[in-house]
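The values are calculated or read from the model by the stated rules, or taken from the named source; none is laboratory data. All values derive from a computational prediction rather than experimental measurement. Don't worry about glycine lacking a Cβ; one is built from the backbone with ideal geometry, like all the others, and counts go over all protein chains shown.
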Amino acid sequence: MKDIIDHLASTRNLTLEQLVGLLASEDSEGIRYLFHLAHQTAQNSYGNKIFFRGLIEISNHCKNDCRYCGIRRSRTGIHRYRLSKEQILQCCQQGYALGFRTFVLQGGEDLWFDDDRMCDIVAAIHQQHPDCAITLSLGERSRQSYQRLHDAGAERYLLRHETANRAHYQKLHPADMSFDNRMRCLQDLKEIGYQVGCGFMVGSPYQTIETLFEDLQFIRAFQPQMVGIGPFIPATGTPFADRPAGTVEATLRLLAIIRLLHPHVLLPATTALGTLHPQGREMGILAGANVIMPNLSPAALRADYSIYDNKLSTGSEAAETVNDTRQRLAPLGATLLPDRGDFKPQHPANDEPET
Ligand code: 5AD
């Protein structure tokens, strides 16, 4: 086990058989070593810093009907909302005062937020907080739209690829969504010059070791600046409501593997991980994650952004408690600093894998 992990860390590569071995292993000492090396690798890349981003969930309206998602179009019985420009700016002001220097505007694919409205909001945030980074996570849009938003001041974009396997993609999504368009979006975002995040759920229905291996190969080829992974958690009122959730353990192992494959990637310990385990985020950091994204949305609406059941939005998930979180992370040797937390490109001269 230790050999596989050392080999993974030094070559930044692994085979399907090695992935199977790591995910199935019951060698708890070996797995501790995996987490330890991943955590150390994150520290080598970014020191003790954990970057924090303020997540603003701007709308839970969505035109899509993804089979896993609790805010899918056909889900009934949930309160739909969208934030006004003023509400969004207010969230940013509150976040700024708390030390946040990155704002992530996330939402369902809500046609109300067309390019004119969205660019106006991005430009206003950019003007009020020129020292902050603006990240968007608004799903699939046209290349022209991505370009306009970038011109308005958005520098980063999160769009999980969800799965790199075409057949698996089709099982997770309705017929009017396509793997090709998702890939087109990611490519466009990259070409335009965004720092891009892709990612996937761990334990999504129909996922196999082979599709996970394809995810890792895709990440390797695409070279994103960020990778968002968290456990799948079933959502009431969706076709996958009765499916089992992904596990904390598999998520931690995959975080660690991704950290070793990509020493500099920005890797959040996600809300989904925190939802499945009270110490999920700390465990994620100890397995190589280096970003947390507390919720900055208006508190009264947080529960409505119910992409899965029991989604955490209080305690350490809440932006207001960032100072408590800072204290909770201190024993891990992790410091939260008011910092944009940009991706740090690898320096080829001293940071290349051994061959
Ligand atoms: N469980 C976990 N993650 C989910 N997402 C959507 N639905 C769920 C769910 N039921 C993730 C998707 C999406 C991101 C915003 O949230 O990967 O890209």
Checklist entry - For segment 301-319, how many residues meet the condition of being within 11 Å of N60 (Cβ to Cβ) and touching a residue at least 12 places away in the same chain (Cβ under 8 Å)? => result 6
Item to check | Matching residues in segment 310-333 - criterion: being assigned to a loop (DSSP other than H, G, I, E, B), modelled with pLDDT under 85 and exposed (fewer than 14 other Cβ atoms within 10 Å of the Cβ) | outcome: T314, G333
Checklist outcome for this item: Note on segment 63-78: residues farther than 28 Å from R281 by Cα, in contact (Cβ under 8 Å) with a residue 12 or more places away in the chain and not hydroxyl-bearing (S, T, Y) are K63, N64, D65, R75, G77
Checklist outcome for this item: Those residues of segment 19-37 which are surrounded by 14 or more Cβ atoms within 10 Å (Cβ to Cβ), within 25 Å of the chain's Cα centre (by Cα) and not aromatic (F, W, Y) amount to L19, V20, L22, L23, I31, L34, H36, L37
Item to check | Index of the failed condition, I307 passing every other in (1) surrounded by 21 or more Cβ atoms within 10 Å (Cβ to Cβ); (2) more than 13 Å from the ligand (Cβ to nearest atom); (3) in a loop (DSSP other than H, G, I, E, B) | outcome: (2)
Checklist entry - Here are V227, V196, V202: which of them is β-branched (V, I, T), crowded, with 18+ Cβ neighbours inside 10 Å, touching a residue at least 40 places away in the same chain (Cβ under 8 Å) and more than 22 Å from L19 (Cβ to Cβ)? => result V196
Checklist outcome for this item: For segment 22-60, the count of residues that are away from the ligand (no atom under 16 Å from the Cβ) and either of a type in the set (A, V, I, L, M) or assigned to a helix (DSSP H, G or I) (or both) equals 23
